[in-house]
Amino acid sequence: MEFNGKTAIVTGAASGMGLIFSENFAKLGGNVLMCDVNSNTLKTEVAKINSLGNGIAAGFLCDVRDYSAVCAARDMAVEKFGSIDILTNFAGGTAVRMLNVDGKLEFPDIPIDVYDWGIDVNLKGQFYFAHACMKQMREQKSGLIINIGSITGKEGDGRGMDYPTAKSGVMFGLTKSLAQYGAKYNVRCVCVSP
């Protein structure tokens, strides 16, 4: 499969699944705008991908909780590459793990700002990127949005409740709603749920 001339925006692109997607998309000839909050790692990974000489990678320092930064990422992708063909929303993680919350604390004892962070990153981050990129995809009359769900969105988690709450919203609300709206503009939306 080749993606020559196609452009993907990838969140959480400096590590994990976001990095693997970015590496493979560029390896197959695509252009990728790699968005992440980790500046040093992002620069390193962008340089590695570009050293292979296939597709082009560009890095964009972006906190998915900041809608103005999300819109700036969208604009950079369009200015640099001319389109947004794919959006992949990989940024995320369980807040209690990501923010190193003491394992002895139970749900009511964990500060609410921990859960706010988790919902903002895991639900609003995907919502923000979809909202911003749908403007470009609607204009192009094409595109694919790939959201990331989780089995915990179905099963729950008795401590890290932000994560299943957000993932359930992505899986059953956001993805289906985006697919319904995007259909008339040839924009598809799917959710990958490990």
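Treating only the Cα positions of the stretch 72-194 as identical point scatterers, give the base-10 log of I(q)/I(0) from the Debye formula at each q in 0.13 Å⁻¹.
The Debye formula, applied to the Cα set alone, gives -0.55.
Taking all protein chains as present, what is the carbon and sulfur share of the accessible area of the stretch 1-143, in % to the nearest whole number, probe 1.4 Å?
54
Specify the inter-centroid distance of the stretch 57-100 and the stretch 175-194, based on alpha-carbon positions, in whole Å.
Here the two parts' Cα centres lie 18 Å apart.
Ordering ASP75, ASP162 by accessible area with a probe of 1.4 Å, largest first, what comes out?
Working: ASP75 65, ASP162 0 Å².
Solvent-accessible surface, decreasing: ASP75, ASP162.
If N is the number of residues in the stretch 100-141, what value comes out of its Cα radius of gyration divided by 2.2 N^0.38 Å?
Details: Rg = 16.3 Å, N = 42, 2.2 N^0.38 = 9.1 Å.
With N residues counted in the stretch 100-141, Rg over 2.2 N^0.38 Å equals 1.79.
Which order do the peptides 34-46, 84-96 come out in when sorted by mean C-beta neighbours inside 10 angstrom, highest first?
Packing proxy ranking, top to bottom: 84-96, 34-46.
Which of the peptides 47-53, 102-108, 163-169 is most tightly packed, and how do the rest follow, judged by the mean count of other Cβ atoms within 10 Å per residue?
163-169, 47-53, 102-108
Once label points are set 7 Å from the Cα along Cα→Cβ at both ARG97 and GLU2, what is their separation, rounded to one decimal in nm?
Taking the two extended label points, one gets 3.9 nm.
What Kirkwood Rh does the stretch 1-148 have if only Cα atoms enter the pairwise 1/r average? Answer in Å.
15.6
Which whole-number value in Å² is the accessible area per residue of the stretch 63-171, probe 1.4 Å?
Dividing the accessible area of the stretch 63-171 by its residue count gives 46 Å².
Quick check for the chain: number of Lys pairs with alpha-carbon distance under 18 Å, counting only pairs 8 or more apart or on different chains?
18
Under the rule of at least 5 residues apart or a separate chain, name every residue whose amide H is placed under 5 Å from the amide H of ILE145.
Here the answer is LEU87, ARG188, CYS189, VAL190, since their amide H atoms fall under 5 Å of that of ILE145.
As a test of understanding, state the convex hull volume per residue of the stretch 130-194 from its alpha carbons, in Å³.
Once divided by residue count, the hull of the stretch 130-194 is 63 Å³.
Quick check: pseudo-label points 7 Å beyond the Cα along Cα→Cβ at LEU105 and SER68, how many nm apart are they?
2.9
May I ask you to evaluate 6.51 cos²θ - 1.76 cosθ + 1.60, the Karplus curve with θ = phi - 60°, for each residue of the stretch 145-157 and list the ³J(HN,Hα) values in order in whole Hz, giving x for glycine and proline?
Residue by residue, the stretch 145-157 yields 10, 10, 9, 10, x, 6, 4, 5, x, 9, 8, x, 7 Hz.
Normalised by the number of residues in the chain, what is the relative contact order in percent for Cα pairs under 8 Å and 6+ residues apart?
Dividing the mean separation by the residue count of the chain yields 19 percent.
Just round it to a whole percent: the fraction of Cα-Cα distances in the stretch 1-47 exceeding 16 Å. Walk me through the numbers before you get to the answer.
On the way: 311 of 1081 pairs.
Taking all Cα-Cα pairs of the stretch 1-47, the fraction more than 16 Å apart is 29 percent.
The values are calculated or read from the model by the stated rules, or taken from the named source; none is laboratory data. Small disclaimer: the values here were computed from a predicted structure and weren't measured. Using ideal geometry, Cβ is built from the backbone for each residue, glycine included, and neighbour counts are taken over all protein chains shown. When the accessible area is computed, the model is the full protein with side chains, heavy atoms only, and any ligands, DNA or RNA have been set aside. Shrake-Rupley method; radii C 1.70, N 1.55, O 1.52, S 1.80 Å.
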